[in-house]
Amino acid sequence: MATPTRETLPALMYHSVSAVGGPLSELAVPPRRLTEQLSALTAAGYRLVGLAEALDLLSAGTTDKLIAVTFDDGYRDFLTAGLPVLAETGARATLYASVGHLGDRAGWLGRWAPDFGRLLTWDELGEVAAAGVEIGNHSLIHHPLDVLPPDQLKDEIVRSHEELEQRLQLKMRGFAYPHGYNGRRVRELVRETGYDHATEVGRRLHRPGEHRFAVPRLQPTPAHSGADLVALVRDGGPQLVPQVKRLAQPAWRMTRKMALRAGRNLT
Ligand SMILES: [Zn+2]
């Protein structure tokens, strides 16, 4: 089990703020559970902020115990259920928008797409930004980026970036890799496009001194009580997971490449 330093940054990766059953249930934390989780972290002395803000505070030498709170994809329930929870618990957050799907359904969830699969419209995303939530980029079509050919990769990163900045009139600083997959080529293009950090899945704690283009995150699920989450951010969870993931990565990457060639969409 890792020994966290004071400057260790736990980052949380949420998706939908709702309750669903079935195979995607871990992607949805109901509002009451989210309130319990965030309140427990605040009560344990943590300050909950968006990821860009957390990294800025760390750079400025803060001594606060920080947690970065992030939400991926941009589900509509973030506006209706997520924002009220953030207001109630005094937490700040980052939301990563899947740009090409805004106003539509989360097509990449395929046949499993549950009720929560509806994404914010552009106007609604503007409302979220106006409420003080940091907006970040989650690409256009939500495909794993590390297996895309150069032209398509550029499209996914640069076009989504330009569209977000133009339509929201905000500077984009953070990028979240769809499904977490990245590699040097992907990270370099994200940096060249103007981002100062990016985030993956990782399932461990971010440590100062590590580069900022694959900040790892922990995934709270509906099964985590407030106390469970306090324990998770303290030690980063079971350290076996990243090791297994690293071992399995080359084979899984090949599988995804083959799926891309066959035109299939992986969830
Ligand atoms: Zn996503």
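When you scan segment 26-38, do you find a residue that is in a helix (DSSP H, G or I), under 17 Å from LEU120 (Cα atoms) and within 16 Å of the ligand (Cβ to nearest atom), even just one?
The first filter runs over segment 26-38 and keeps only residues in a helix (DSSP H, G or I), leaving 26-27, 31-38.
When the remaining residues are screened for being under 17 Å from LEU120 (Cα atoms), the result is 27.
Next cut, within 16 Å of the ligand (Cβ to nearest atom) only: 27.
Checked against the condition, which is being in a helix (DSSP H, G or I), under 17 Å from LEU120 (Cα atoms) and within 16 Å of the ligand (Cβ to nearest atom), segment 26-38 yields at least one hit.
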*Within segment 112-123, is even one residue within 13 Å of the ligand (Cβ to nearest atom), part of a loop (DSSP other than H, G, I, E, B) and not aliphatic (A, V, I, L, M)?*
no
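If a residue must be of a type outside the set (Gly, Ala, Ser), crowded, with 22+ Cβ neighbours inside 10 Å and in a strand (DSSP E or B), how many such residues does segment 94-109 contain?
Our first condition is that a residue be of a type outside the set (Gly, Ala, Ser); within segment 94-109, this holds for 94-96, 99, 101-102, 104-105, 108-109.
From the residues that got through so far, the ones that are crowded, with 22+ Cβ neighbours inside 10 Å too are 94-96, 99, 101.
Of the ones still in play, those that are also in a strand (DSSP E or B) are 94-96.
Number of matching residues: 3.
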*Residues of segment 85-106 being modelled with pLDDT of 95 or more and among the basic types (Lys, Arg), which ones?*
ARG92
*Six or more apart or on different chains, Cβ under 6 Å: which pairs go from a residue in segment 89-104 that's free of Cβ contacts under 8 Å to residues at least 24 places away in the same chain and of a type in the set (Gly, Ala, Ser) to one that's open to solvent by 10 Å² or more (accessible area, probe 1.4 Å) and assigned to a loop (DSSP other than H, G, I, E, B)? Could you list them?*
GLY103/THR121
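Take segment 61-85 and flag every residue that is outside any strand (DSSP E or B) and within 16 Å of the ligand (Cβ to nearest atom).
As a first pass, look at segment 61-85 and keep what is outside any strand (DSSP E or B): 61-64, 74, 76-85.
Correct list: GLY74, ARG76, ASP77, PHE78, GLY82.
Looking at ALA19, ALA91, which one is open to solvent by 30 Å² or more (accessible area, probe 1.4 Å), part of a loop (DSSP other than H, G, I, E, B) and in contact with a strand residue (DSSP E or B) (Cβ under 7 Å, 6 or more places away or on another chain)? Working first, answer last.
On the way: ALA91 fails: open to solvent by 30 Å² or more (accessible area, probe 1.4 Å).
One residue alone meets the criteria, ALA19.
Out of the residues in segment 53-75 that are aliphatic (A, V, I, L, M) and within 27 Å of ARG105 (Cα to Cα), state the one that is surrounded by the fewest Cβ atoms within 10 Å (Cβ to Cβ).
Step one: filter segment 53-75 for residues aliphatic (A, V, I, L, M), giving 54-55, 57-58, 60, 66-69.
If we keep only those that are within 27 Å of ARG105 (Cα to Cα) too, we end up with 68-69.
On the way: ALA68: 28, VAL69: 31.
Step by step, filter segment 53-75, then rank; the result is ALA68.
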*Output yes when any residue across segment 47-57 is within 15 Å of the ligand (Cβ to nearest atom) and not aromatic (Phe, Trp, Tyr), and no when none is.*
yes
*Within the set of pairs 6 or more residues apart or between chains, which connect a residue that is under 15 Å from TYR75 (Cα atoms) and among the aliphatic types (A, V, I, L, M) inside segment 136-153 to a residue that is away from the ligand (no atom under 15 Å from the Cβ) and open to solvent by 10 Å² or more (accessible area, probe 1.4 Å) with Cβ atoms less than 8 Å apart?*
LEU140/ASP155; LEU140/ARG159
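At least 2 residues that are among the charged types (D, E, K, R) and modelled with pLDDT under 95 in each: list the helices (runs of 4 or more DSSP H) lying fully within segment 136-235 that qualify.
On the way: elements: 150-154, 160-168, 184-192, 226-235.
Once the helices (runs of 4 or more DSSP H) in segment 136-235 are filtered for at least 2 residues that are among the charged types (D, E, K, R) and modelled with pLDDT under 95, what remains is 226-235.
For every residue, the table says whether it meets (1) more than 14 Å from the ligand (Cβ to nearest atom); (2) among the β-branched types (Val, Ile, Thr); (3) closer than 22 Å to ALA54 by Cα.
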{"site": "ASN137", "(1), (2), (3)": "no, no, yes"}
{"site": "HIS142", "(1), (2), (3)": "no, no, no"}
{"site": "ASP146", "(1), (2), (3)": "yes, no, no"}
{"site": "GLU156", "(1), (2), (3)": "no, no, no"}
{"site": "LEU164", "(1), (2), (3)": "yes, no, yes"}
{"site": "GLY174", "(1), (2), (3)": "no, no, yes"}
{"site": "GLY180", "(1), (2), (3)": "no, no, yes"}
{"site": "VAL186", "(1), (2), (3)": "yes, yes, no"}
*So THR70 fits all but one of (1) farther than 16 Å from VAL49 by Cα; (2) in contact with a Lys or Arg (Cβ under 7 Å, 6 or more places away or on another chain); what number is the exception?*
(1)
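The values are calculated or read from the model by the stated rules, or taken from the named source; none is laboratory data. Only a predicted model underlies this, so the values are computations on that prediction, with no experimental measurement involved. Ideal geometry is used to build each Cβ from the backbone, glycine not excepted, and the neighbour counts take in all protein chains shown. These accessible areas exclude ligands, DNA and RNA; they are computed on the full protein's heavy atoms, side chains included. Shrake-Rupley method; radii C 1.70, N 1.55, O 1.52, S 1.80 Å.
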